[in-house]
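Q: I have a structure I would like to understand better, so I am pasting it below and will then ask my questions one at a time.
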Amino acid sequence: MIKQSILTPHDPIEWVSRSPKETMRFAEQWAKSLEPGNVILLYGDLGAGKTTFVKGLAKGMGINPKEVVSPTFVLMNQYRGRWPLSHIDLYRLDTPEALSSFRIEDYMDPNSIMLIEWPQRLKEACPRNAIRVILTHEGESQRRLCIVYP
Ligand code: ADP
Ligand code: MG
């Protein structure tokens, strides 16, 4: 279902998850369609499941999901799986000062898969050639996942 090559244009994916476990399993499968250089922008409110999605994705790349912790305060965590994985959370980048001294280009790496939570903080500096994952709350344990390709 999600075993498409990243080199061909993709149709968007829309899917409803009914538990954190389902979100993780979906992301674990979807991870197989990724390759180094892919940038994934994760949109959604606090608690929408962005970090849960990253845990599942990490699992799909051979990384222990328990090792994956939110990088809210450290900005970036890196993991070594089938490919190197960079997990960035820009939630704290919420002042003009913080933003002006931050350059996303310094974190870009063509050999890694890059996951960015709160990419809207980057405004016009937001990477363009990226896959967008949009998570929305639909209830206590229900989330809608949309994946949109560039
Ligand atoms: P974010 O990184 O978007 O702030 P987290 O992944 O850290 O969100 O947290 C999501 C929270 O929502 C967790 O407490 C998780 O258990 C809960 N949750 C409930 N249902 C789901 C679901 N279907 N998918 C993902 N998380 C869910
Ligand atoms: Mg998070």
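The values are calculated or read from the model by the stated rules, or taken from the named source; none is laboratory data. Nothing here was measured: the structure is a model prediction, and the numbers come from that model. Reconstructed Cβ throughout: ideal geometry from the backbone, glycine too, with neighbour counts over all protein chains shown. The protein model used for the area step is the full one, side chains on, heavy atoms only, and it has no ligands, DNA or RNA in it. Shrake-Rupley method; radii C 1.70, N 1.55, O 1.52, S 1.80 Å.
Q: Could you bin all the Cα-Cα distances of region 6-80 into 10 Å bins starting at 0 and give me the percent of pairs in each, rounded to whole numbers?
A: So the P(r) values, bin by bin, are 17, 53, 28, 2.
Q: Among T51, L34, H10, pick out the residue whose Cα is farthest towards the positive end of the charge dipole of region 1-140, where Lys and Arg carry +1 and Asp and Glu carry -1 on C-beta, about the Cα centre.
A: In region 1-140, that residue is L34.
Q: In whole Å, what are the extents of the chain along the principal axes defined by its C-alpha atoms, from largest to smallest?
A: Largest to smallest, the principal-axis extents are 42, 35, 30 Å.
Q: Using a 1.4 angstrom probe on the protein heavy atoms only, could you order H10, H87, H137 from most to least accessible area?
A: On the way: H10 25, H87 0, H137 95 Å².
Result of the area sort, largest leading: H137, H10, H87.
Q: Would any residue of region 23-39 have its amide N under 19 Å from a label point 7 Å out along Cα→Cβ of Y149? List them or say none.
A: 26-39
Q: If contacts are Cα pairs under 8 angstrom and at least 6 residues apart, what is the relative contact order of the chain in percent?
A: Details: 289 pairs, mean separation 50.5, N = 150.
Averaging sequence separation for qualifying contacts and normalising by length gives 34 percent for the chain.
Q: Could you tell me the distance between the Cα centroids of region 33-71 and region 106-124, to the nearest Å?
A: Using only Cα atoms, the two centres lie 13 Å from each other.
Q: How many nm separate the modelled label positions at Q29 and L46, each set 7 Å beyond the Cα in the direction of the Cβ?
A: Taking the two extended label points, one gets 3.2 nm.
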